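Note sheet for the following structure.
What follows draws every value from the coordinates through simple rules; no lab data is involved. Computed from a predicted model, the values in this text were never measured in an experiment. All Cβ positions, even for glycine, are placed from backbone atoms using ideal geometry, and neighbour counts span all protein chains on display.
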């Protein structure tokens, strides 16, 4: 399997410390991260925020990371990869995000329908559920 830094070179973009760090950080995270969260996980010296945003834009355009909108003000980012499946649940009250394994999540029929009706070949997917976490439910907030 091709390493992200090798793919970056093959696509004609220089491999920099910042790009490698972003790819490493996102590959290690089970949840999508905000640009601020990515920057906080950098080893010192940390890049400025503009550098993180520029690198995220480049890596997104090359298909090495994807932007995830979880109905928040800030976009989040995650690593991509053929066959990667991302599943998570988001609390609409506090914004807590939890990843979960896809044991009972067989989307093969939906993927077959997408291919049959739209002609797309699905290589990965991202699935989000929204609701209230146990902490928010315990505070007396309505479900």
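Here are a few things to note about the model shown:
- Per-q log10 I(q)/I(0), the chain, q = 0.13 Å⁻¹ (Debye; single scatterer per alpha-carbon; no solvent): -0.69
- Counting all C-alpha pairs of region 1-81, share separated by more than 20 Å (%): 25 percent
- MRE, 222 nm, helices only [DSSP H, n ≥ 4, -39500 (n - 2.57), over the chain, to nearest 500]: -11000 deg cm²/dmol
- As a rough footprinting exposure proxy, the listed residues 9, 41 were ranked by other beta carbons within 10 Å of their own, and the order from fewest upward is 9, 41.
- Each of 127, 26, 58 was scored by other Cβ atoms within 10 Å of its Cβ. Listed from fewest to most, they are 127, 58, 26.
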